[in-house]
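As structure tokens, the structure follows; a few thoughts come after it.
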Amino acid sequence: MPIQYYIALASCLFCIGVVGVLTRRNAIIIFMCIELMLNAANLLLVAFSKMEYATAIANKTNLTAGTDAQLFVFFIMVVAAAEVSVGLAIIVMMYRNIHSVDVNFLNRLKH
Amino acid sequence: MSIDEILFWFLSALALFSAIMVLLSKNPVHSVLWLIVVFFAISGHYLLLNAQFLAIVNIIVYAGAIMVLFLFVIMLINLNTETERQQNIWMKFFGVISGGLLLWIFISASRSAYDVANKTAMLKEGDVGLIQNLGKVLFNEYALPFEISSILFLSAMVGAVVIGKKD
């Protein structure tokens, strides 16, 4: 598959995530859209890994090319899991304090 | 059209459609379920790229653990019956416009890039994504980041408990 297709697909998924963050008011949905953006980046990293590997195989230079990108994806998943646990704790605390998860109510810093 | 291309287009269409449905669903539980479909489609892409370890980890960690956590929080604070108040129509309009502009910039910047011109991603073959190769590199070159990530998990656990506890 040409790498451009993967770039286009990952860009579309990332931009759908951006639109979700900008247009929804529910904090949990916004959080899910951030996960979507992380996954788009992961997909592109894996595609680039296989692109580098194909190039290295064709040139017979480095047979372990592309391993680093897949390990980056693994570490991104690790960080995302930690992020989700803290973020959902924050959302639950927010719901306990203001009885809503609407981000438009969280404007106390503004005035 | 070979079976790889059919699978690629099917999984891409499934991922994009489900991602849009995540945004359009009124009920947050439906959004979570559509997001799980997105994760399965992305795992299918990983399998197509022969990154088997990441495909399994993606299903276990994302679809298995993280999404269950989301569902649990939604059930806990009882969001599934409440109707969400909608964003201002102008805010929606400009959100979609700015997302579309961002997509335009991504596509036009990458379309003519020299580094990715005429390159292809290897499908179905190549053993770089097998767990044997990844494990060797992970525990040799990336042993220190691996251990640091365990400290990150510990701090996230402590942070979640401290934030979530009733004072």
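A:Glu83 versus (1) at pLDDT 90 or above; (2) in contact with a helix residue (DSSP H, G or I) (Cβ under 7 Å, 6 or more places away or on another chain): which is the lone unmet condition?
(2)
Condition first: under 21 Å from the mean Cα position of the chain (by Cα) and within 7 Å of another protein chain (Cβ to nearest Cβ). Now tell me which residues in segment A:81-111 satisfy that.
Taking segment A:81-111 first, the residues under 21 Å from the mean Cα position of the chain (by Cα) are A:81-91, A:103.
Across segment A:81-111, the qualifying residues are A:Ala81, A:Ala82, A:Val84, A:Ser85, A:Val86, A:Leu88, A:Ala89, A:Ile90, A:Ile91.
Residue check: is A:Leu44 closer than 25 Å to B:Gly126 by Cα and under 20 Å from the mean Cα position of the chain (by Cα)? Spell out the reasoning first.
Numbers: closer than 25 Å to B:Gly126 by Cα: yes; under 20 Å from the mean Cα position of the chain (by Cα): yes.
Criteria met by A:Leu44.
For B:His45, which of the numbered conditions (1) under 26 Å from B:Glu125 (Cα atoms); (2) modelled with pLDDT under 90; (3) not acidic (Asp, Glu) fails to hold?
(2)
Please specify each residue of segment A:17-68 satisfying the condition of being at the interface with another protein chain (Cβ under 7 Å from one of its Cβ atoms), small (Gly, Ala, Ser) and part of a helix (DSSP H, G or I).
The answer is A:Gly20, A:Ala47, A:Ser49, A:Ala54.
Sort out which residues of segment B:22-51 are assigned to a helix (DSSP H, G or I) and open to solvent by 50 Å² or more (accessible area, probe 1.4 Å), and write them in order of number.
Of everything in segment B:22-51, those that are assigned to a helix (DSSP H, G or I) and open to solvent by 50 Å² or more (accessible area, probe 1.4 Å) turn out to be B:Leu24, B:His30, B:Leu33, B:Trp34, B:Phe40, B:Leu47.
Looking at A:Phe74, A:Phe14, which one is facing chain B (nearest Cβ under 7 Å), in a helix (DSSP H, G or I), open to solvent by 10 Å² or more (accessible area, probe 1.4 Å) and at pLDDT 90 or above?
Values: A:Phe14 fails: facing chain B (nearest Cβ under 7 Å).
Of A:Phe74, A:Phe14, the one residue that is facing chain B (nearest Cβ under 7 Å), in a helix (DSSP H, G or I), open to solvent by 10 Å² or more (accessible area, probe 1.4 Å) and at pLDDT 90 or above is A:Phe74.
The values are calculated or read from the model by the stated rules, or taken from the named source; none is laboratory data. Predicted model only: the values in this text are computed from it and were never measured. Glycine also receives a Cβ, built like all others from the backbone with ideal geometry; neighbour counts cover every protein chain displayed. Only protein heavy atoms, including side chains, enter the accessible area calculation; ligands, DNA and RNA are left aside. Shrake-Rupley method; radii C 1.70, N 1.55, O 1.52, S 1.80 Å.
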